[in-house]
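The structure appears right after this line, and notes come after that.
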Amino acid sequence: MPQSDYDLVIIGGGPAGLTAGIYAARARLNVVLYEKAAPGGQVIISDWIENYPGFPDGISGYDLGEKMLNHAKNLGLTIETEDVTGLDLTGDIKVIHLGPEKSVTTKAIIIASGASPKTLNVGEDKFRGKGVSFCATCDGPFFRDKTVVAVGGGDTAVQESLFLTRFVKKLYLVHRRDELRATKILQERAFKNDKIEFVWDSVVTGMDGLFAVENVNVKNVKTEEESSIKANGCFIWIGITPNTDFVGDDLNRDEWGFIFTNDRMETSIPGVFAAGDVRTTPLKQIATAVGDAAIAVMGVEHYIENINS
Amino acid sequence: MSENIIEIEDDAFEQEVLKSTIPVLVDFWAPWCGPCRAIAPTIEELQKTYDGKMKFVKVNVDENPISPSKYGIQAIPTLIFFKDGEVSEQITGMVAKAKLEDTINTLL
């Protein structure tokens, strides 16, 4: 077996990546974790986490992310700020490209690069930071006593909308169906909240304003009726898209780009594993991401034992 | 926080930022903002790298409403790069360190 820089490279520093780092460090693997921005992942933009065991009163997303980061650091995990730009997976030794001039080699890879909020693609880009937001905890207080639109019907949309009602005067929750997908406890809270008005069977078709968002345009998908909501903000929570730009065509992925794995987190290429939101998982939660990662590291250990023997 | 990153208030903005003789990166943040806290270590690393060439300033938007509103900030973290008192670049949200380095290098 030829030599490599590392036994394992973990790509991504969210809950899946940090958990993989914790298990790999305890397994005494020669491991590095690459994170392109700041460790924590999507968790750090979550206002409050109420479904992760061990925190009976809930915990802020940032605090949970920081605890996971410190846990990994305490075990000696090496975390580097690097943007993975490409993978070469053809040989037994895999190559990770970090920009045009730098690369490292490794025996195994865990892709835990997560996912990013999906955009509406109705021209909201020019209003980013000018009313359009994906992060209630970051931007909510700027909309104190104002009217905002929120888009989506899942857990994130409802949870974050409830958080926004601490600040806003009124929130229109625009959802393309006539019922929410969010978990029941969140639905109950939303229906009881008198600041939230539901706009059912509707999609956002655009927005306008001189310097920032002033109007959000919506269309009822059943009646085709179009209308405009006077609002200063538009928060978008319509799902996520996987962060797989660097992956290339070698790994099998589904039509949305999520990486296929089996129940051992193995991808279509031996030695390459995926964990968390980036893979085709039926549930995208912190609890499932950390479980994926633990299983993936077990697979990595078996894989490395096999190729070394 | 590094002692070489200055936390300023609204009334010091003109002196510390607009009248600075070297380019300035202003980090608009708040304690309740997770991503703001998450990028803070990156800003500290950059400060060490560019010590003396670029000035690094933080503005807490909770306590200082004037300067954020002057620059139309409705989202944080927002990083604004100033050169000779003028805005040369504005970045909102989580951002890779490499992108910040590229931006700083164009200003120096």
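The values are calculated or read from the model by the stated rules, or taken from the named source; none is laboratory data. Everything numeric in this text was worked out from a predicted model, so none of it was measured. Note that each Cβ is placed from the backbone with ideal geometry, even for glycine, and that neighbours are counted across all protein chains shown. Just so you know, the surface numbers come from the protein's heavy atoms only, side chains and all, with ligands and any DNA or RNA stripped out. Shrake-Rupley method; radii C 1.70, N 1.55, O 1.52, S 1.80 Å.
Which count do you get for residues in the range A:28-46 that are surrounded by 24 or more Cβ atoms within 10 Å (Cβ to Cβ), within 14 Å of chain B (Cβ to nearest Cβ) and part of a strand (DSSP E or B)?
Residues flagged as surrounded by 24 or more Cβ atoms within 10 Å (Cβ to Cβ), within 14 Å of chain B (Cβ to nearest Cβ) and part of a strand (DSSP E or B) within the range A:28-46 amount to 1.
For the structure I just gave you, tell me whether B:Q90 is on the phi < 0 side of the Ramachandran plot and in contact with a Leu (Cβ under 9 Å, 6 or more places away or on another chain).
When the stated conditions are applied, B:Q90 passes them.
Any residue at all in the range B:7-23 that is under 30 Å from A:G13 (Cα atoms), in contact with a Phe, Trp or Tyr (Cβ under 7 Å, 6 or more places away or on another chain) and open to solvent by less than 80 Å² (accessible area, probe 1.4 Å)?
No, the range B:7-23 has no match at all.
Identify the residue in the range B:29-63 that is away from chain A (no Cβ under 13 Å) and assigned to a loop (DSSP other than H, G, I, E, B) and, among all such residues, is nearest to A:G41 (Cα to Cα).
B:Y50
Determine if the range A:71-87 includes at least one residue that is closer than 21 Å to B:M94 by Cβ, within 14 Å of chain B (Cβ to nearest Cβ), in a helix (DSSP H, G or I) and touching a helix residue (DSSP H, G or I) at 6+ places or on another chain (Cβ under 6 Å).
No: zero hits.
Quick one: would you say B:A98 is open to solvent by 10 Å² or more (accessible area, probe 1.4 Å) and among the aliphatic types (A, V, I, L, M)?
Criteria met by B:A98.
Give the residues of the range B:64-95 that are open to solvent by 60 Å² or more (accessible area, probe 1.4 Å), out of contact with any Phe, Trp or Tyr (no Cβ under 8 Å at 6 or more places or on another chain) and within 11 Å of chain A (Cβ to nearest Cβ), sorted by residue number. Spell out the reasoning first.
First pass over the range B:64-95, keeping only residues open to solvent by 60 Å² or more (accessible area, probe 1.4 Å): B:65-66, B:69-70, B:83-84, B:86-87, B:89-90, B:92, B:94.
From what is left, the residues that are out of contact with any Phe, Trp or Tyr (no Cβ under 8 Å at 6 or more places or on another chain) are B:65, B:69-70, B:83-84, B:86, B:92, B:94.
Within the range B:64-95, B:P65, B:S69, B:T92, B:M94 meet the criteria.
Which of the following residues is out of contact with any Phe, Trp or Tyr (no Cβ under 7 Å at 6 or more places or on another chain) and open to solvent by 50 Å² or more (accessible area, probe 1.4 Å): B:P41, B:P35?
B:P41
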